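Below is one structure, written out as structure tokens, with a few remarks after it.
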Amino acid sequence: MCATKRIAIITGASSGIGREFARQLDERHVADELWLIARSEEALEQVLEDISTPGRAIAADLSKAEDIDRVRLLLDDGDFLVAYLVNAAGFGKFGSWKTIDQAAENAMIDLNCRGLVDMTRLVLPHMERGSRIIQVASAAAFAPLPHMNVYAASKAFVLRYTRGLRWELHGTGITATALCPTWVRTGFEKVARQTDGGQHDVGHLLGAQKASTVVSRALLANKLHFAVACASIPSFVLRIIGKVVPSCITMAGWEALRRI
């Protein structure tokens with residue numbers, strides 16, 4: 001009889017925050033195997049070459065139901081205990097409703113929201129007390145952000161979903177944390193600017209953090225059972241502002257900031 005294998009699953013693991021989670025979870029030896037999920041198998045294989053923990057590269061587009069089902073079948077095909085789930089897959093676009101096409105908006109919603117929920121649902125039956133979930137949201141979740149509207153709304157969904165899930169998981173010993181950083185130095189900006197107005201709608205990513213800093217703080221916050229990991233003082237301040245300042249004022253402030 002095969003022994004239960006502890007695994008950590010990281011989506012969006014081919015680059016950016018997801019790749020950094022793979023590196024740091026590898027260093028912490030939290031699992032017998034890392035399952036890395038992204039659309040590019042070649043990029044995932046490169047990540048696996050840089051870590052010591054045995055891993056599996058799973059090329060999948062989590063906005064597609066058939067790819068979600070394929071991951072589900074892989075989990076059901078063995079005796080696996082999921083020690084960590086990190087949902088880092090996602091993307092954003094700069095622009096207004098006029099400059100971001102409908103296909104891009106739908107893709108953001110499908111991946112950032114539905115894909116995250118689907119992955120969480122399929123993994124939870126394979127978790128037990130001590131298992132951990134980190135959902136990558138954003139400080140954009142704290143207020144409406146015109147010219148990043150759909151992205152910010154999708155991350156607000158992730159934040160609310162994760163907070164509600166924590167209550168549903170009460171008593172199970174499974175910890176869920178929403179990671180809400182400000183700008184992070186990844187490939188996010190390059191993709192976000194690929195719209196008709198994307199080069200001008202958001203001028204500068206002020207105060208961008210290193211992915212390594214954000215990930216290490218997220219892992220600590222999750223270990224401490226925090227509901228939300230802000231990962232920086234500016235993000236924490238934005239969280240407070242989002243709670244006490246009317247949205248019309250925060251949007252006016254954002255309107256000035258994005259033009260810098």
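The values are calculated or read from the model by the stated rules, or taken from the named source; none is laboratory data. Predicted model, so just to flag it, every value in this text is computed and none were measured. Using ideal geometry, Cβ is built from the backbone for each residue, glycine included, and neighbour counts are taken over all protein chains shown.
The residues of segment 93-115 that are at pLDDT below 95, of a type outside the set (A, V, I, L, M, F, W, C) and surrounded by 23 or more Cβ atoms within 10 Å (Cβ to Cβ), listed by number, are Lys93, Gly95. Cβ-Cβ contacts under 6 Å between residues 6 or more apart (or on different chains), taken from a first residue in segment 121-139 that is surrounded by 18 or more Cβ atoms within 10 Å (Cβ to Cβ) and modelled with pLDDT under 95 to a second residue that is acidic (Asp, Glu) and not in a loop (DSSP other than H, G, I, E, B), are absent.
Being within 25 Å of Thr120 (Cα to Cα), surrounded by fewer than 23 Cβ atoms within 10 Å (Cβ to Cβ), touching a His at 6+ places or on another chain (Cβ under 8 Å) and of a type in the set (S, T, N, Q) is a description that does not apply to Thr186. Taken as a whole, segment 158-168 holds no residue that is part of a loop (DSSP other than H, G, I, E, B), under 24 Å from Ile109 (Cβ atoms) and not aromatic (Phe, Trp, Tyr). Residues in segment 1-20: is at least one buried (at least 18 other Cβ atoms within 10 Å of the Cβ), in contact with a Pro (Cβ under 9 Å, 6 or more places away or on another chain) and within 21 Å of Val214 (Cβ to Cβ)? Yes, some residue in segment 1-20 is buried (at least 18 other Cβ atoms within 10 Å of the Cβ), in contact with a Pro (Cβ under 9 Å, 6 or more places away or on another chain) and within 21 Å of Val214 (Cβ to Cβ). In segment 144-171, the residues that are touching a residue at least 12 places away in the same chain (Cβ under 8 Å) form Cβ pairs under 8 Å with partners that are of a type in the set (Phe, Trp, Tyr) and loosely packed, with under 15 Cβ neighbours inside 10 Å, at six or more places apart or across chains, as follows: Asn149/Trp97. In the set (1) farther than 21 Å from Thr99 by Cβ; (2) assigned to a helix (DSSP H, G or I), Ala178 fails one condition alone, (2). Residue count for segment 178-210 satisfying the condition of being at pLDDT below 95 and either closer than 17 Å to Arg132 by Cα or not charged (D, E, K, R) (or both): 22.
So, in segment 193-228, of the ones that are closer than 18 Å to Arg19 by Cβ and of a type in the set (A, V, I, L, M, F, W, C), which residue ends up surrounded by the fewest Cβ atoms within 10 Å (Cβ to Cβ)? Applying the filter and picking the extreme gives Ala208. The residue list Ala89, Ala107 contains one member that is under 23 Å from Leu179 (Cβ atoms), in a helix (DSSP H, G or I) and not charged (D, E, K, R), which is Ala107. Across segment 247-259, not a single residue is classified as among the polar types (S, T, N, Q) and crowded, with 20+ Cβ neighbours inside 10 Å. When segment 227-260 is filtered for residues that are aromatic (Phe, Trp, Tyr) and modelled with pLDDT of 95 or more, only Phe236 remains.
Taking segment 31-68 as the region of interest, how many residues are surrounded by fewer than 18 Cβ atoms within 10 Å (Cβ to Cβ), in a strand (DSSP E or B) and either among the polar types (S, T, N, Q) or touching a Leu at 6+ places or on another chain (Cβ under 9 Å) (or both)? So the answer is 2.
Looking across segment 141-152 at every residue that is touching a Leu at 6+ places or on another chain (Cβ under 9 Å) and outside any loop (DSSP other than H, G, I, E, B), the one that is surrounded by the fewest Cβ atoms within 10 Å (Cβ to Cβ) is identified as Ala152.
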